[in-house]
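What follows is a single structure, written as structure tokens, with notes after it.
The values are calculated or read from the model by the stated rules, or taken from the named source; none is laboratory data. In this text, all values refer to a predicted model and were calculated from it rather than measured experimentally. Counting neighbours? That spans all protein chains shown, and the Cβs are built from the backbone with ideal geometry, glycine included. The accessibility values were calculated without ligands, DNA or RNA, using every heavy atom of the protein model including side chains. Shrake-Rupley method; radii C 1.70, N 1.55, O 1.52, S 1.80 Å.
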Amino acid sequence: MSVLWDLSRFSPRHEIVVPGDTLPQMCLHAVRQRGDAVWLRQKELGIWQSTTWREFGEIVREIALGLVALGFAPGETVSILSNTRREWVFADFGVLTAAGISNGIYPTDSPEQVEYLMTDSGSVYIFVEDEEQLDKVLTVRARLPQLRKIFVFDMEGLQRFQDPQVMSLQALRELGRRYPDPAEWERRIAIPKPEDVAVLIYTSGTTGKPKGAMLTHHNIVYTVRGYNTIIAQDEQDERIAFLPLCHVAERVGGAFFALYTGTKLNFVENPDTVPENVREIAPTVMVAVPRVWEKFYSGITIALKEATPLQQAVYRWAIGVGYQVADRYVAGEPIPGWLKTLFRVARFVALANVRRAIGIDRARLLITGAAPISPDLVRWYLALGAHMCEVWGQTESCGASTATPPAKIKPGRIGPAAPFCEVKVAESGELLIRGPVVFKGYLNQPQKTAETIDADGWLHTGDVGEVDADGYFRITDRMKDIIITAGGKNVTPSEIENELKFSPYITDAVVIGDRRPYLTALIMIDQENVEKWAQDHDVPFSNYASLTRAPEVIELIRGEVERVNKKFARVEQVKQFRLIDRRLTAEDEELTPTMKLKRALVQKKYAPLIEEMYGSA
């Protein structure tokens, strides 16, 4: 188990681990180098099934040649509509090694969104996960004249289904196995050039329609090589794959980085089994969004309320020791021997159990990104003895462009610029990125591309930030989200929202107050934790909506808001709040597929609630 002062496994790797200037070349070399070693694991019917590198190569070749047999031309685009699973990666590399462009679609997208993404990307084929996702495509295929075939991963429930445009993944692979010229695969692999578009990643977008970011082979190969110089991984590491593969974090920082480094990828059974699967795998490196880290913390907090007084006392002592170690570590101060000894005891009596309960007992590195995280939450994980590094970037920069090095973590700071790109703060306060990581542009939208990449090659991120004397950046907010109160005070709502989300009873919050006399908030409660609290306190409720209306629950959340208010100046305090009476999921228009609230849409949709807060002052 790693401890805070053990940095032996974080040495950057600057040598090229797997040769190849394009993703297909890298794939071919990785398969040849690693042969019968296991790369992918997925739980099916309660048993973890393994795929070796050699088996992966065979499957990818069959898919690629199956596409070629159907007339797939180099440079054409194929979409993938599925939850995160092995077959997603098989299809992805099947398309790439056939010299195509691969495009991911969120499994939570509606048929209308699928239609838009298929049309905008010009996809001629689509891989779908199962009957549910197939139905979406069939609903809109009359409006997709360019669509030739639909390939299905899981044919359960479709055994008797007959449609000339639909075939199973197995049938496609069989077509590839029978292809008369097996050497065609390597000829296809040689076609793409580094400057060619490899993948389309549609930005989930909190406003407007998604935009297709074009990432080239060079963008991605350069990035994954660069990642190994800041968050080095190898074949001894294990990762868990559960974030959407159509998002840049899991696609580039997960699958493509694992292909490059040889890190074993373990796929969760489904989105609901993430906590259980994390405990089973106990990954050595884990990447997640703040909402996942918040959920783990909330689960421990709630579990402690049921512990015995002795267990609670032991935990309070142990985490107190952990905080002493973490605070010295963050401050760059040496950790004295007596404190190291106390920390080992604290770990033995309590902290190791907490780490096991989460599933991070083997983790040498935790990585958080894609949204701001509370500095207090980072400190808590550090106090457990787990290095939590913050990274920052976006789809248009191929993922992470800054990262806090494990040797010097500053909670609340996203670290210095990665060695493989430039980052600076513009006069306007906006963070800019430049380098080979910057994308080629938005598909079919040259004007938007010109607005995003300036004449000097700087990518305008839309994030507002600052940089300290050590070169560590801090995100204060999105440029469009900064609140200017009626009194002229600039307020960054994300800082307040992050503190609110640190509560085990609050899943999300939107702070409002632009051109208003004071701040208010719309809050989404954590259903599981609040339900349990209500049951423990004999508060009657029948469903989620009734839970949000219970006076006792409102008072519970009021207490959490007041706790947060104490951390801020009077002008930054939330004076009124209302609870959203619907549990929002990625299927709801208020949330992006990466579980970020669409601020503008939420404010528009809940305008009556907002006006009520200002009318009741």
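Some values worked out for this structure:
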item	result
Some residue of the stretch 473-487 being at pLDDT 90 or above, in contact with a helix residue (DSSP H, G or I) (Cβ under 7 Å, 6 or more places away or on another chain), among the polar types (S, T, N, Q) and within 26 Å of ALA607 (Cβ to Cβ)	no
Subset of the stretch 32-51 (residues that are under 20 Å from PHE242 (Cα atoms) and in contact with a strand residue (DSSP E or B) (Cβ under 8 Å, 6 or more places away or on another chain))	VAL38, TRP39, LEU40, ARG41, GLN42, LYS43, TRP48, GLN49, SER50, THR51
Matching entry among THR263, THR284 (being free of Cβ contacts under 8 Å to residues at least 60 places away in the same chain and within 23 Å of ARG85 (Cα to Cα))	THR263
Cβ pairs under 8 Å, 6+ apart, first in the stretch 23-41 and at positive phi, second open to solvent by 10 Å² or more (accessible area, probe 1.4 Å) and in a helix (DSSP H, G or I)	GLY35/ARG54
Number of the exception - PHE343 against (1) touching a Lys or Arg at 6+ places or on another chain (Cβ under 9 Å); (2) farther than 30 Å from THR461 by Cα; (3) crowded, with 22+ Cβ neighbours inside 10 Å	(1)
Test: residue in the stretch 414-426 that is farther than 30 Å from GLY462 by Cβ and either in a helix (DSSP H, G or I) or out of contact with any helix residue (DSSP H, G or I) (no Cβ under 6 Å at 6 or more places or on another chain) (or both)	no
THR84 being of a type outside the set (Gly, Ala, Ser) and under 21 Å from the mean Cα position of the chain (by Cα)	yes
Yes/no for PHE502 being closer than 28 Å to GLU306 by Cα, buried (at least 17 other Cβ atoms within 10 Å of the Cβ), of a type outside the set (Asp, Glu) and at pLDDT below 90	yes
Hey, ARG173 among the basic types (Lys, Arg) and closer than 23 Å to MET26 by Cβ or not	yes
Residue match in the stretch 545-562 (condition: open to solvent by less than 20 Å² (accessible area, probe 1.4 Å), over 30 Å from VAL491 (Cα atoms) and not small (Gly, Ala, Ser))	yes
Any pair with Cβ under 8 angstrom, 6 or more apart, that starts in the stretch 350-372 at a residue that is free of Cβ contacts under 8 Å to residues at least 40 places away in the same chain and ends at one that is open to solvent by 10 Å² or more (accessible area, probe 1.4 Å) and aliphatic (A, V, I, L, M)	ALA350/VAL314; ALA350/ILE319; LEU351/ILE319
Criterion: within 24 Å of LYS532 (Cα to Cα), surrounded by fewer than 21 Cβ atoms within 10 Å (Cβ to Cβ), of a type in the set (A, V, I, L, M) and out of contact with any helix residue (DSSP H, G or I) (no Cβ under 7 Å at 6 or more places or on another chain) - qualifying residue of ALA313, ALA282	ALA313
Number of the exception - GLN324 against (1) at pLDDT 95 or above; (2) more than 18 Å from ALA407 (Cα to Cα); (3) open to solvent by 10 Å² or more (accessible area, probe 1.4 Å)	(2)
Identity of the residue in the stretch 430-454, part of a loop (DSSP other than H, G, I, E, B) and surrounded by 15 or more Cβ atoms within 10 Å (Cβ to Cβ), that ends up farthest from the chain's Cα centre (by Cα)	GLN445
Cβ-Cβ under 6 Å pairs, at least 6 apart or on other chains, the stretch 60-75 side touching a residue at least 12 places away in the same chain (Cβ under 8 Å), far side hydroxyl-bearing (Ser, Thr, Tyr) and assigned to a loop (DSSP other than H, G, I, E, B)	LEU65/TYR179; ALA69/TYR179
Selection status of ARG187, over 31 Å from the mean Cα position of the chain (by Cα), at pLDDT 95 or above and open to solvent by 30 Å² or more (accessible area, probe 1.4 Å)	yes
Members of the stretch 592-617 that are outside any helix (DSSP H, G or I), at pLDDT below 85, more than 16 Å from ALA370 (Cβ to Cβ) and open to solvent by less than 70 Å² (accessible area, probe 1.4 Å)	SER616
Checklist (1) over 21 Å from the mean Cα position of the chain (by Cα); (2) at pLDDT below 80 applied to GLY457, failing item	(2)
Test: residue in the stretch 96-118 that is open to solvent by less than 10 Å² (accessible area, probe 1.4 Å), within 17 Å of THR22 (Cβ to Cβ), among the aliphatic types (A, V, I, L, M) and outside any loop (DSSP other than H, G, I, E, B)	yes
Listing of helices (runs of 4 or more DSSP H) fully contained in the stretch 299-361 that carry 2 or more residues being over 24 Å from PRO283 (Cα atoms)	309-331, 337-346
Hits in the stretch 190-234 - residues which are within 25 Å of THR404 (Cα to Cα), in contact with a Phe, Trp or Tyr (Cβ under 9 Å, 6 or more places away or on another chain) and of a type in the set (D, E, K, R)	ARG225
Residue ranges of strands (runs of 3 or more DSSP E) in the stretch 220-290 with at least 2 members closer than 27 Å to VAL438 by Cα	238-241, 285-288
Residue list for the stretch 473-497, filter: more than 18 Å from GLY369 (Cα to Cα), in a strand (DSSP E or B) and either of a type in the set (Phe, Trp, Tyr) or open to solvent by less than 40 Å² (accessible area, probe 1.4 Å) (or both)	ILE483, VAL491
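Condition check ((1) charged (D, E, K, R); (2) in contact with a helix residue (DSSP H, G or I) (Cβ under 6 Å, 6 or more places away or on another chain); (3) surrounded by fewer than 19 Cβ atoms within 10 Å (Cβ to Cβ); (4) closer than 20 Å to VAL18 by Cβ) across all residues:
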residue: ALA213; (1), (2), (3), (4): no, yes, no, no
residue: HIS217; (1), (2), (3), (4): no, yes, no, yes
residue: VAL224; (1), (2), (3), (4): no, yes, no, yes
residue: GLU294; (1), (2), (3), (4): yes, yes, no, no
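Listed here are the residues, each with its yes/no results for (1) among the polar types (S, T, N, Q); (2) open to solvent by 10 Å² or more (accessible area, probe 1.4 Å); (3) farther than 16 Å from ARG32 by Cβ; (4) part of a loop (DSSP other than H, G, I, E, B).
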site: SER50; (1), (2), (3), (4): yes, yes, yes, no
site: GLY57; (1), (2), (3), (4): no, no, no, no
site: ILE63; (1), (2), (3), (4): no, no, yes, no
site: VAL68; (1), (2), (3), (4): no, yes, yes, no
site: PRO74; (1), (2), (3), (4): no, yes, yes, yes
site: ILE80; (1), (2), (3), (4): no, no, yes, no
site: THR84; (1), (2), (3), (4): yes, yes, yes, yes
site: GLU87; (1), (2), (3), (4): no, yes, yes, no
